[in-house]
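These notes concern the structure reproduced below.
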């Protein structure tokens, strides 16, 4: 056990991801979450924690039942195949989970049945009827007013009338208690924008009772005392976080549960924050189980400015990306490009740019030059010549400060910022080479000891940076340390510069860590690997290209309004906003109510765009907002701004969005 002050050795830390739904292969946006969780878990281990890292698959529901029927196999055979594929991708991405739970695991199913019975016996669950218009792909009921053009407001597919006997959970019974918990535990929901969304949109207006069983399909966990019912998705899926540790309704919990619960961190996508911060804590309150310490709703990884979906044909997969760039390059990109609370963007072009600039140039070239110069000037020996200069002290200060800052950023879950601090070490090393000019020192025998000191400082700095990098790029970290013949530095020993043993030897031939790539060749490779989705003859892609090029594009003339002065225009305030939540306005055929983050504030904006956008499409979009418009009520709901749209001659609307990634709050001028 480490004897360092404030060491966390043996202190338990339990981190989970959302369990992946087994309807199909996970795209890179889904995979981002497991890589993010892995980087946090690895870093916590470096800090001395006894980490338990759980992930897995959500395997029940009508959608699975139908997909299995289409494939001509049983639901169990279907989920076995997809779960294996998901686990294979998690393993490909070098994630260090301790348990991969499946909701078809027999011990999980048995405990879910006992949990359902316990909640029913104590009066939290009752039998009733669910009636409405049902969307099978979304497994959700809707009212007539919630539909868009008569179709599902979430996915745009057909809905069918349905009435179904069901069991319901009394959510309102625990709502006040949950509100108090959120108010007294500000760290419970992160980032803060997610907390405001849950409070203002769901908890404070009042909770409806939740359907927790279904009778219209059979692929689920049967209710033990009423077998024609199967347990509905959230009561089944969410409980994996405790069943995976050996929770027991009768109090005879397993050793893992006693050690690791309550969870330190539930890491989930922002689109399922409601289920994890409202449904899940209420279930736990009813079971008299402590609540998790924190739920972090991470942003989305978008491609071409939109959320990835197979229906849109804009999906990227981790295994394809890894085949082109390598696993660690993909890990670096998804972690580095995702801000703390804003969506990130991924594309083949951006991947190539980041690989060339950061991985090949800043990092790979640095290691190669350092190893090569050590071999050229000292036969591979690395020793501290003891001749110091001012730039040495600045280098050491930057390195040691980066260690502190990276750890502080990780404690705040600001993973991208932590990686940025590590790369500051490598950037400073490159600058140090330019300052000291080892090739010039090598020409003067009298400066040999100074040259030795310079190369030692470089090797020591890179050793520290590579050790820090292990949580994010484990294979690359190991390769760098092997080339330097350096041991991985424990985090608690990184506060001191100079631990690389003087007289050590680097490898004789440096390995190229990352080779530079050309965008055109990468795109050719991708095209050969993955033919374009959509129409078989490629006409869909041609149509889109034609639109992009402006071929035969119609124009619209509108009646001119009176001229205004610049002063008139200057009174309007336009800013970039990010839609963090969106719902259809009940009893309105036109209105959507969006929660739009503008800077550090979240504004509620009601817009007549329901016929053109679903709530699901809205969430995550960067939009242009008029922010100083006087608030007004639409359909009884306060609207605090206006979203800007373009309209064609047929009345079709398109939201105005920034051409490039811009932060929420950026001024439009």
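Read-outs throughout are calculated quantities, based only on the coordinates presented, and are distinct from any laboratory measurement. Just so you know, these numbers come straight off a predicted model, no measurement behind them. Positions of Cβ are generated from backbone atoms using ideal geometry, with glycine treated the same way; all protein chains shown enter the neighbour counts.
Taking other C-beta atoms within 10 Å as the exposure proxy, 131, 180 rank 180, 131 from fewest upward.
Extension gain for residue 434 to residue 642 (0.36 nm times residue separation, less C-alpha to C-alpha distance): 69.7 nm. From largest to smallest, the equivalent ellipsoid semi-axes obtained for the chain from the alpha-carbon gyration tensor read 47, 34, 24 Å. Compared with the direct C-alpha span, the chain from residue 408 to residue 209 gains 67.5 nm at full extension, assuming 0.36 nm per residue.
All C-alpha to C-alpha distances of the stretch 347-505, sorted into 5 Å bins beginning at zero, yield P(r) values of 2, 9, 19, 23, 21, 13, 8, 4, 1, 0, 0 percent in whole numbers. Averaging the sequence gap over all C-alpha pairs within less than 8 Å and six or more residues apart, then dividing by the number of residues, gives the chain a relative contact order of 12 percent.
By its C-alpha gyration tensor, with a ≥ b ≥ c as the square roots of the eigenvalues, how is the stretch 12-305 shaped: rounded for a/c under 1.5, else prolate for a/b larger than b/c, else oblate? Rounded, since a/c falls under 1.5. Taking the longest Cα principal axis of the chain as reference, the axis of helix 415-436 is set at about 20 degrees. Quick one: check the C-alpha center-to-center distance for the stretch 26-57 versus the stretch 185-217, whole angstrom. Each part reduced to its Cα centre gives a spacing of 25 Å.
Computed from Cα positions, the angle between helix 62-71 and the longest principal axis of the chain comes to roughly 80 degrees. Placing a pseudo-label 7 Å from each Cα along the Cα-to-Cβ vector at residue 77 and residue 391 gives an inter-label distance of 6.8 nm. Computed from the Cβ-Cβ distance with R0 of 51 Å, the FRET efficiency linking residue 635 to residue 660 stands at 0.90.
Residues 384, 288, 343, arranged from fewest to most other Cβ atoms within 10 angstrom of their Cβ, appear as 288, 384, 343. Put in line by how crowded their Cβ is, counting other Cβ atoms within 10 Å and starting with the fewest, 243, 277 read 243, 277. Label positions at residue 482 and residue 529, each projected 7 Å from the Cα along the C-beta direction, are separated by 2.2 nm. Among DSSP bridges having both ends in the chain, what percentage is antiparallel? Round to the nearest 5. Here the antiparallel bridges make up roughly 70 percent for the chain. Indicate the gyration tensor shape class of the stretch 566-668 (rounded, prolate or oblate), computed on the Cα atoms with a ≥ b ≥ c the square roots of the eigenvalues: a/c under 1.5 is rounded; otherwise a/b larger than b/c is prolate and the rest oblate. Here the stretch 566-668 falls in the rounded category. Put the Cα centre of the stretch 394-409 next to the Cα centre of the stretch 93-146 and the gap is 46 Å.
Here the contact order of the stretch 347-505, divided by its residue count and restricted to Cα pairs under 8 Å and six or more residues apart, works out to 30 percent. A full extension of the chain between residue 516 and residue 158 corresponds to an added length of 124.1 nm, given 0.36 nm per residue minus the alpha carbon distance. Taking the DSSP beta bridges with both ends in the stretch 206-351, the antiparallel portion is around 40 percent.
The listed peptides 469-479, 622-632, 354-364, 657-667, ordered by packing as a protection proxy, come out as 469-479, 354-364, 622-632, 657-667 (highest mean of other Cβ atoms within 10 Å first). Distance from the Cα centroid of the stretch 573-597 to that of the stretch 411-449 is 47 Å (rounded to whole angstrom). For the pair residue 11 and residue 340, a Förster radius of 30 Å applied to the C-beta separation gives a FRET efficiency near 0.75, rounded to the nearest 0.05. Using a cutoff of 8 angstrom between alpha carbon atoms and counting only pairs six or more residues apart, the relative contact order for the stretch 327-429 works out to 35 percent. Dividing the summed helix terms, -39500 (n - 2.57) for each DSSP H run of n ≥ 4, by the number of residues in the chain produces a 222 nm estimate of -11500 deg cm²/dmol to the nearest 500.
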